[in-house]
1. Taking the range 244-267, which residues are of a type in the set (Gly, Ala, Ser) and either farther than 16 Å from Ile447 by Cα or assigned to a helix (DSSP H, G or I) (or both)?
2. From the residues in the range 307-321 that are among the hydrophobic types (A, V, I, L, M, F, W, C) and open to solvent by 100 Å² or more (accessible area, probe 1.4 Å), which one is nearest to Gly411 (Cα to Cα)?
3. Return the only residue of Phe254, Phe241, Phe220 being aromatic (Phe, Trp, Tyr) and over 22 Å from Lys59 (Cα atoms).
4. Considering only residues of the range 92-112 that are in a helix (DSSP H, G or I) and farther than 17 Å from Asp216 by Cα, which is least open to solvent (accessible area, probe 1.4 Å)?
5. All but one of (1) assigned to a helix (DSSP H, G or I); (2) open to solvent by 10 Å² or more (accessible area, probe 1.4 Å); (3) within 21 Å of Val388 (Cα to Cα) hold for Ser229, so report the exception by its number.
6. Could you go through the range 269-287 and let me know if any residue there is surrounded by 20 or more Cβ atoms within 10 Å (Cβ to Cβ) and over 26 Å from Arg81 (Cα atoms).
7. Looking at the range 232-268 only, could you name the residues that are of a type in the set (Val, Ile, Thr) and either away from the ligand (no atom under 14 Å from the Cβ) or open to solvent by 10 Å² or more (accessible area, probe 1.4 Å) (or both)?
8. Condition (residue is in contact with a His (Cβ under 7 Å, 6 or more places away or on another chain), of a type in the set (Lys, Arg) and at pLDDT 95 or above) applied to the range 336-355: is it met by at least one residue?
Amino acid sequence: MIFPRQFKQSILATSMCAGLFASSMTTNSQAQSLDILQSSALKPDDLVVSMVRQLDLEKYKATIKSLTEFGDRRQGTERNRRALDWIEAQLKSYGCTNTERLQFDYTQAPSATSAQSAPSAQSVPSATTTATPAPRRNVIPSGGLGGGAGQGGSTLFGKRAKTGVNTDPLLQTNEKLRTLNAEQTPVGTSQRENVYCTKIGKKNPDEMYIVGAHFDGIGFGEAANDNGSGTALVMELARIFSSPEIDTDKSIRFVLWNNEETGLNGAYAYVAQRKDLQGIESPKGSGKYPEPKWLGMIQHDMMLWDHGMPVPQLDAHGKQVLDAEGKPVYVSPKEQRAEADVNIEFQSTSKQAEGAAKLAWFFRAANDKYATTYPAAVGFHMTNTDSVPFMDVVPAISLRENERGMQIGAGWNPNWHQPSDVFSTYSDKDFMLGLNAAQTTLSAVAILSGAKIAPVSKK
Ligand SMILES: [Zn+2]
């Protein structure tokens, strides 16, 4: 029982308004809904407020912590498969019982394994898995007067720090974790799986929003931030939306992708296998839609670290540290920056850019109204995550700790793909940033899907 009966009546009145405009909404009319969201007065007994209050920092942290018990969850390994089993069992325990797995084959090239066993190969960009090339887009013009070319169309302003993927297991100083991460992806072709479950809409079961995150990781740490933080966020939303006390007009699918780190392969496989099944009733006359029509895709990838632009590294005497070439070395600030925010991005070069931009602004408006601690910003260079395979088919956005192109890509996160991406690296301020992204997506999707209190007669 999550909603006290006494204020169910007033919640019903509020949520009916939300339902009304959500049901009149298509992906083309989200600008209108933005007006309604901004002009409506926030009431403490608003259903969306009640749902946002179901998000709890300790529960979010506990879910991330549990995911880290499977190490870095590298694709193709036993620890990855065990993590998938655990996630599926959790989804079922939350009441999201209709879990399914989407299977695909992935080919691991031999070179990756030899690179992994090479000594001290730290920070070798793109040294990991490159087999089964995905149709990536590297044609977006990037860079400007302010700096060099970043990914997704971005410009790398300001100071930068080193980035790369750790491929040396020995750089993990925790021996227990090193043992846990010892198994490598087998060379050759073998099966991989994504897992998902679906909240089926009462009024429009044939339409859905997709809420996703990748659960695989790399780097010989715990993949706590990349992407335990996004995986836990999606699981928390599945838990809250699965309450029998909540109905939605439209369906919501909660998806955990595999093989993001190898080239978004799990999401590409989903789009390839299911794009043409959208909105088809099967069996005919059953009222069942195995693949409801996609209304929007919302991805979550790296939710915790927003410490700002790298600063000069100083030695014990306060002197600027220089690299071998005599150039100053920059490092990430230890503390979260005062201006920390959630970054919502769409891709301006995608075929669905207009709808995606409106979706992004809708999320920002939802953040304004329902996030408790951190604001959100909108950017137009979404890249390098599982929303990319969707972006020409349906409005797609990503939520992150920073902009992927110009900030994460410039080395703003020193733990990215490193052995230091472990649970103990992050403070409650960091975890709270992830929770605020959860508040943002929860509230936006609750409104877009037409969430309401289920009829009292229903248990
Ligand atoms: Zn990631």
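1. First, pick out the residues of the range 244-267 that are of a type in the set (Gly, Ala, Ser): 251, 263, 266-267.
If the condition is that a residue be of a type in the set (Gly, Ala, Ser) and either farther than 16 Å from Ile447 by Cα or assigned to a helix (DSSP H, G or I) (or both), then Gly263, Gly266, Ala267 are the ones that fit.
2. Applying the first criterion (among the hydrophobic types (A, V, I, L, M, F, W, C)) to the range 307-321 yields 309, 311, 314, 316, 321.
Cutting the leftovers down to open to solvent by 100 Å² or more (accessible area, probe 1.4 Å) gives us 314, 316.
Values: Leu314: 17, Ala316: 23 Å.
Checking each candidate, the answer is Leu314.
3. On the way: Phe254 fails: over 22 Å from Lys59 (Cα atoms); Phe241 fails: over 22 Å from Lys59 (Cα atoms).
Phe220 is the lone residue from the list that is aromatic (Phe, Trp, Tyr) and over 22 Å from Lys59 (Cα atoms).
4. From the range 92-112, those in a helix (DSSP H, G or I) are 92-93, 110-112; that's our starting set.
With farther than 17 Å from Asp216 by Cα added as a condition, the list becomes 92-93, 110-111.
Values: Lys92: 93, Ser93: 84, Pro110: 89, Ser111: 68 Å².
Selected residue: Ser111.
5. Evaluating Ser229 over (1) assigned to a helix (DSSP H, G or I); (2) open to solvent by 10 Å² or more (accessible area, probe 1.4 Å); (3) within 21 Å of Val388 (Cα to Cα) leaves (2) as the failure.
6. Looking for residues that are surrounded by 20 or more Cβ atoms within 10 Å (Cβ to Cβ) and over 26 Å from Arg81 (Cα atoms), one finds none in the range 269-287, hence no.
7. First pass over the range 232-268, keeping only residues of a type in the set (Val, Ile, Thr): 234, 240, 246, 248, 252, 255, 262.
The answer is Ile240, Ile246, Thr248, Ile252, Val255, Thr262.
8. Yes.
The values are calculated or read from the model by the stated rules, or taken from the named source; none is laboratory data. None of these values were measured; they are calculated from a predicted model. Quick reminder, even Gly has a Cβ in these numbers, built from the backbone with ideal geometry, and neighbours come from all protein chains shown. SASA here: full protein model, heavy atoms, side chains in, ligands and nucleic acids out. Shrake-Rupley method; radii C 1.70, N 1.55, O 1.52, S 1.80 Å.
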